[in-house]
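Novice: Okay, here's the structure, questions in a sec.
The values are calculated or read from the model by the stated rules, or taken from the named source; none is laboratory data. Fair warning: this is a prediction, and the values are worked out from it, not measured in the lab. Cβ placement follows ideal geometry from the backbone for every residue including glycine, while neighbour counts extend to all protein chains displayed. Side chains included, ligands, DNA and RNA excluded: accessible areas come from the protein's heavy atoms. Shrake-Rupley method; radii C 1.70, N 1.55, O 1.52, S 1.80 Å.
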Amino acid sequence: MDLFSDQYITSDEMLSSRPSQQFNVIRRVYQQDALNKDADYQVPDRPLGHRCKKLVNSCGIGECLLNSVPLIRWLPKYKTKEYLVGDLVAGATTAVMHIPQGMAYALLSEVPPIVGLYMAFFPVLIYVIFGTSPHISMGTFAVACLMAGKVVTQHATVLDVTHGNSTNGSTAPETGIEYTPIQVVSVVCLCVGMYQIVMWMFRLGAVSTLLSDSLVSGFTTAASFQVVASQLKDLFGVKIGKTSGNYKVVFTIVEVVKNLPNLNWAAFVISLITCIVIALNNELLKPWVSKRSRVPVPVELLAIVVGTLVSKFGGLKEQFGISLVGHIPTGLPVPQVPAIELIPQVAVDAFTITMVTYTISMSMALIFAAKEKYEIDANQELLALGASNVFASFFCCIPFCASLSRSYIQYQAGSKTGVTSVVSASLILCVLLWIGPFFEDLPRCVLAGIIVVSLKGMFMQMKELTKFWGLSKLDAMVWLITFLVTLIVNIDIGLGAGLLASVGALFCRSQKPYTCLLGRVLDTDLYLDTKRYRAAEELPGIKIFHYCGGLNFASKNLFRSTLFRKIGYMKPAVVTHDEDNNLTKSESYEWDPSISHKVQCVIIDATALSYVDAPGIKSLIAVQRELVSSNITVLLAGANGPVLEMIERYNNLEAERLQLDTFPTVHDAVVYYNVSEARKHDVPVTIAP
């Protein structure tokens, strides 16, 4: 480097705000070692003792309580004058939505409708203490309830309300004990809660990123069709047998079609009226009201109240044989320990529910956090969800989740803090203690209509396929695979297929990194893709290879072959002419022995090289050895600190070392090579700006 300590570079840079103004940057030509010395580079020192001390200090009793119980942070700062009115209005509005949605979604889990109201009370109170999002409405969610219902049909003795008899699922193989649906959903809720607490202990909050947007969209869209299929029997008032296992949607539709001659016209008309009224409210009345009031019209609540009154005074069950909700107990349930012996049988399904509910809840929480500019602690959310589910499992609850529709209405109604959830839970408590039996005569077809209309938002996600197709064909394929397998086969298999498709998409992307040859823009130190910038011209005898991505065991062979093809070291084995006399290249390649006459220097632009491992470094050594044997100089430019540190560690441990001249920028490498070649041949040194 001393040889060039007196050399300087001058480059022109255009100011974006004033295109006509220029300024010159003058500095010496740097090799990486010289720059490290001048800039006082050092590897960040993170001794184990310091990290342990920092961890202990951050885990003091006071700090630990504040971090684990966010309620202690925000409740003392509660501004009554600013927040109370909004929280009261939002809480009342959310409670009104909880009643019809809770009762309706509970049917998806094959449990009594009252369980949906329990979910709007018990777990919500725990979430207020530990949760970090004040705007999401926790409770029943169609997809989570449907997934829990799948487990119930497998492991419980289900009382079929429409038939009035029992349908047996699988029982404990050792004891032959039959479990009620309440017992099964309780142990599923407990298992989900335990999974979430274990994930919190190991700080696995980032696990939600394993489910990509395309996967979640395809999965929830298909699950919404599964929900509709499960409600067809109530919508049409037909009696069909319970279907379980794979291809449930297909078998359900076939059974419903077979039983259409036995259609209960009264149930069908009530379902149709319910759907039309709620849909008209959502499309016409709700937008009009939202401009004039932040409290929406509780049309779902009105639907179940009117439906109950019509059924009670019109004798719908006696005259038309319409199925009703049935007995609804008053008061709070007695705490019961879940059937622990069922945990091994439901563990796999519970893990699937854990991933889905956590991902959906986190996604919704992040939406509102971005709007209101506050932070969501992903790990703390695991604790909040886990503690809520464990507590709720002793009170006959289904695993709970955030609801998009309720959350948006709660936010629009003026929710400010967790007090909104407390107000909502208090009103639900009043319903549980005194009002519950009123809804015993509610037709199930009304609840089915509420469920179907509430899924409109998920149905509309079908449009996202065109968006994913335009952005990335791989993301679109993930969406399609997840959607089709979930819809046709089953929910858990669909989620697994979606995960495999996502991993496959990641692997495909890693095998197709962005690579190109760079050329220099005249009179600048800018080096750009020659295929995309016509003003960028390759330098004579110099090939600048740009590689974007990680260089590891999976991509090392791709890196080597792509580099050789780009610089011309490997050329097409056969070049022919097609019918239009155009050149066509074969897919096979052969070595070009005359490469050294065309290329004297290869500069590897590592500015976008994110990571390198030992096999990747070995591939660099092999590339350098092959090119040097052909009298081609190899230089490395723009590598970041961690990459250079990895190379240094490798050189200290391995006998075969990577000895490359490294430079902070491509321009440094170009100038260095030109000057060294000029001095080698006693040619006057001229450095262009």
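Novice: Run the dipole for the chain about the Cα centre, Lys and Arg Cβ at +1, Asp and Glu Cβ at -1, nothing else charged, and hand back the magnitude in debye, nearest 20.
Specialist: Around 1380 debye, computed over the chain.
Novice: Alpha carbons only, please: Rg and Dmax for the chain, in angstrom.
Specialist: Rg then Dmax for the chain, in Å: 33.0, 109.
Novice: Just going by the charge dipole of the chain, with Lys and Arg at +1 and Asp and Glu at -1 on Cβ, which of L35, A678, H327 is farthest out on the positive end?
Specialist: Farthest towards the positive pole: H327.
Novice: Rounded to the nearest 500, what is the chain's calculated 222 nm mean residue ellipticity when only DSSP H runs of at least 4 contribute -39500 (n - 2.57) each, over all residues?
Specialist: My calculation for the chain gives -17000 deg cm²/dmol from helical runs alone.
Novice: Then there is this: Please identify the DSSP H helices in the chain that span no less than 24 Å along the helix axis (Cα) and have a mean Kyte-Doolittle hydropathy of -0.5 or more.
Specialist: Qualifying helices: 80-108, 181-201, 213-236, 343-372, 491-510.
Novice: Sequence neighbours fewer than 8 away in the same chain don't count; with that in mind, list the lysines whose C-alpha is under 24 Å from K473.
Specialist: Answer for K473, where 24 Å is the Cα cut-off: K463, K512, K531, listed by chain and number.
Novice: Beyond 29 Å between alpha-carbons counts as too far, so tell me which of K467/K556; K467/K543; K556/K680; K79/K373; K150/K312 fall in that bin.
Specialist: Beyond 29 Å: K467/K556; K467/K543; K556/K680; K150/K312.
Novice: Tell me, what is the per residue accessible area of the chain in Å², probe radius 1.4 Å?
Specialist: Ligands and nucleic acids excluded, the result is 49 Å² per residue.
Novice: In the full protein assembly as shown, how much of R520 is accessible to a 1.4 Å probe, in Å² to the nearest 10?
Specialist: Its heavy atoms expose roughly 40 Å² to the probe.
Novice: Starting from the Cα coordinates of the range 414-569, work out the convex hull volume and express it per residue in Å³.
Specialist: Each residue corresponds to 263 Å³ of Cα convex hull volume.
Novice: Right, something else. Calculate, in nm to one decimal, what V310 and T243 gain on full extension: separation in residues at 0.36 nm each, minus their alpha carbon distance.
Specialist: Length gained between V310 and T243: 21.0 nm.
Novice: How large, in percent, is the carbon and sulfur part of the accessible surface of the chain at a probe radius of 1.4 Å?
Specialist: Ligands and nucleic acids excluded, carbon and sulfur reach 61 percent.
Novice: Let me ask something additional. Taking amide H atoms as placed 1.01 Å from N in the peptide plane, list the residues 5 or more away in sequence, or in a different chain, whose amide H sits under 5 Å from that of F663.
Specialist: Correct list: Q32, L636, A637, G638, A639.
Novice: With charges set only on the Cβ (+1 for Lys and Arg, -1 for Asp and Glu), what does the dipole of the range 235-299 come to about its Cα centre, in debye to the nearest 20?
Specialist: 240 debye
Novice: Sorted by accessible area (1.4 Å probe), largest first, how do L506, L635 line up?
Specialist: Highest to lowest solvent-accessible surface, that is L506, L635.
Novice: So, one more: Provide the solvent-accessible area of S405, counting protein heavy atoms only and rolling a 1.4 Å probe, rounded to the nearest 10 Å².
Specialist: 50 Å²
Novice: Order M119, M194, most accessible first, counting only protein heavy atoms with a 1.4 angstrom probe.
Specialist: Reading off the accessible areas and sorting them downward yields M194, M119.
Novice: For the range 175-289, rounded, prolate or oblate, judged on the Cα gyration tensor with a ≥ b ≥ c (square roots of eigenvalues), a/c < 1.5 rounded, else prolate if a/b > b/c?
Specialist: oblate
Novice: While we're looking at this one, here's another question. Provide the solvent-accessible area of F320, counting protein heavy atoms only and rolling a 1.4 Å probe, rounded to the nearest 10 Å².
Specialist: In the full protein context, F320 sits at about 100 Å².
Novice: Pick out, from C508, P344, L272, the residue whose Cα sits farthest towards the positive end of the charge dipole of the chain, with +1 on the Cβ of Lys and Arg and -1 on the Cβ of Asp and Glu.
Specialist: Farthest towards the positive end: L272.
Novice: Sorted by accessible area with a 1.4 angstrom probe, largest first, how do I270, I253 fall?
Specialist: I get I253, I270, largest accessible area first.
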